[in-house]
1. Given the -39500 (n - 2.57) contribution per DSSP H run of 4+ residues, what per-residue ellipticity at 222 nm results for chain B, rounded to the nearest 500 deg cm²/dmol?
2. Provide the per-residue ³J(HN,Hα) series for region B:228-233, in order, calculated from phi with Karplus coefficients 6.51, -1.76, 1.60 and θ = phi - 60°, each as a whole number of Hz, with x at glycine and proline positions.
3. Which GluC sites (Glu not before Pro) does chain A hold that lie in a coil by DSSP with at most 11 other beta carbons within 10 Å?
4. Distances over 38 Å make up what percent of all Cα-Cα pairs in region B:8-420?
5. Return the long-range amide H neighbours of B:Gly331 (sequence gap of 5 or more, or a different chain), with a cut-off of under 5 Å between placed amide H atoms.
6. Which residue, B:Pro16, B:Pro282, B:Pro65, has the most motion in a Gaussian network model of chain B that connects Cα atoms within less than 10 Å?
7. Give me the distance in nm between label points sitting 7 Å out from Cα along the Cα-to-Cβ direction at B:Asp10 and B:Asp136, one decimal.
8. Placing unit charges on C-beta atoms (Lys and Arg positive, Asp and Glu negative, everything else neutral), compute the dipole magnitude of chain B about its Cα centre in debye, rounded to 20.
Amino acid sequence: MKVTVDHDLCEGNMKCQAAAPEVFEVRDDDLAYVLVDEVPDELRTNVENAVRLCPRQAVRWQKEQK
Amino acid sequence: MTQLSLSPNDIDLTDPEIFETNQAHEVFRMLRREAPVHWNAENEVMRGFWNVTKYADVIAISRNPELYISSHGITQMEPVIKNPMDEVMQGFGKMLITTDPPRHVRLRRLVNKGFTPRAVGAMEIHIRDIVTRILDDIEKKPGVDFVTEVAALLPLAVICEMMGCPRSDWNLMFDLTNKVLGGGDPEYQTDVPEAERGTVEAARQTITSGSMQMFQYWANFIQAHRKDWKDDLVGLLIEAELDGDKLNDEDILWFAFLLIVAGNETTRNAISGGMLALHENPAEKQKVLDNPALLSSTAVEEILRWTSPVAHMARVATRDTELRGQQIKEGQRVVMWYGSVNRDEDVFADPYRFDVTRAPNDHLAFGIGEHFCLGAGFARLELKVIFEELFRRFPDIHVDGDVQRLRSTFIGGIKHLPVTYTSA
């Protein structure tokens with residue numbers, strides 16, 4: 001599974017980085033970046049929390065593409 | 001005080017007395033159990049709407065800003081007798097808070113870099129200076145009204161400085177904000193003859209006159225700024241471009257109106273409500289005194305959950321839909337009660353306990369999603385700094401007299417909170 005951050009919405013609230021620091025990094029431009037291509041299974045719950053807790057709901061699972 | 005009936009059929013959450021007398025949480029507890037998506041029947045003044053009291057349902061609404069829009073009103077108030085002025089006065093579709101995506105996203109991006117936790121964090125020293133001045137002024141007095149002499153002054157100073165509003169006008173901004181957001185309370189209906197205060201009409205008049213004076217002030221301010229540009233938030237908005245166009249005066253006016261009003265009333269009530277909660281729970285206050293670091297980790301979040309200063313926000317459904325089995329019709333209002341969702345038994349363990357070490361604490365005091373409070377970072381920092389300084393200098397500060405709550409269904413407000421203290 002892939003996860004994305006919508007930079008139109010992201011306001012650097014750091015919730016995703018706190019939930020899954022291996023996957024998200026908030027940089028000096030106050031935007032969160034995804035560090036991995038695929039989310040490893042063992043981090044799935046943490047990323048789920050990031051999706052749930054993002055105040056702007058900017059973190060989303062990428063829909064499966066055929 | 002009227003004895004409240006605790007049956008969903010009799011509940012009318014347009015009645016400000018429920019909030020003024022601090023009975024809302026009992027009503028919410030019953031609604032969450034008996035009727036979590038509850039139809040609030042039309043009365044002689046306001047149209048009916050849905051009361052939404054569960055956490056999961058507020059998340060579902062907030063995540064769906066295309067289905068549940070903000071541009072047709074964000075409060076429960078939809079008068080039975082339509083007056084075109086009401087829509088104008090409530091800034092339907094004109095303020096950031098009443099704008100829907102996709103325009104909302106672009107409008108918000110004009111200012112949001114100044115509100116990120118990082119940007120706000122850089123202002124901590126300055127905010128501490130403001131707090132120090134406020135506390136210096138009360139130090140020699142035996143006691144004060146905590147609301148007007150402490151809690152109100154910090155957020156007012158911070159937002160006014162950001163906007164470029166001179167100190168000589170801060171009192172005016174305080175008074176006008178009270179009229180705009182607290183116009184339903186007789187104390188602020190000073191433009192209405194005394195015998196007529198307390199009526200729905202008096203509230204309407206007060207909100208209208210407060211808003212008109214606020215518009216006039218900021219219209220003049222923007223005019224002056226266009227001639228003599230300054231580097232503040234209004235200056236930034238004058239320079240800003242949205243899709244290649246500059247903002248017009250009306251856009252900037254509504255921006256200024258929203259920022260001033262939202263920036264000073266809400267944090268004021270979180271500070272006052274936090275003071276009251278800490279006083280009423282002395283063991284929790286002691287924990288903060290013993291370990292002030294709790295403020296940055298958990299205590300400020302608990303104050304926010306506990307006080308939920310914005311009592312509600314509303315949305316309007318753009319098509320027929322369903323929520324927790326209830327059929328929501330196109331054009332109907334859903335009213336999200338933040339004070340209720342922040343005590344939802346499904347989400348918070350022992351929700352009626354004020355616990356300064358509570359974790360996790362994923363409260364929705366700032367909302368969530370598209371319209372998540374722009375000023376959340378400021379509110380958090382202001383709360384942290386003011387309680388750090390307050391407890392350092394006056395550790396024995398306590399409430400000493402009657403609490404007077406705001407007569408409002410929209411703002412969970414405290415008007416007066418007498419406190420006494422001695423210097424450490």
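1. Result for chain B, helices only: -13500 deg cm²/dmol.
2. 10, 5, 10, 8, 9, 5
3. A:Glu38, A:Glu64
4. Every Cα pair in region B:8-420 considered, those over 38 Å come to 17 percent.
5. B:Ala317, B:Thr318, B:Arg319
6. B:Pro282
7. Taking the simple label geometry, B:Asp10 and B:Asp136 are separated by 5.6 nm.
8. 820
Every number in this text was worked out from the coordinates using simple rules, so none of it is lab data. Just so it is clear, the model here is predicted, and its values are computed rather than measured. Note that we place each Cβ from the backbone using ideal geometry, even for glycine, and neighbour counts take in every protein chain shown.
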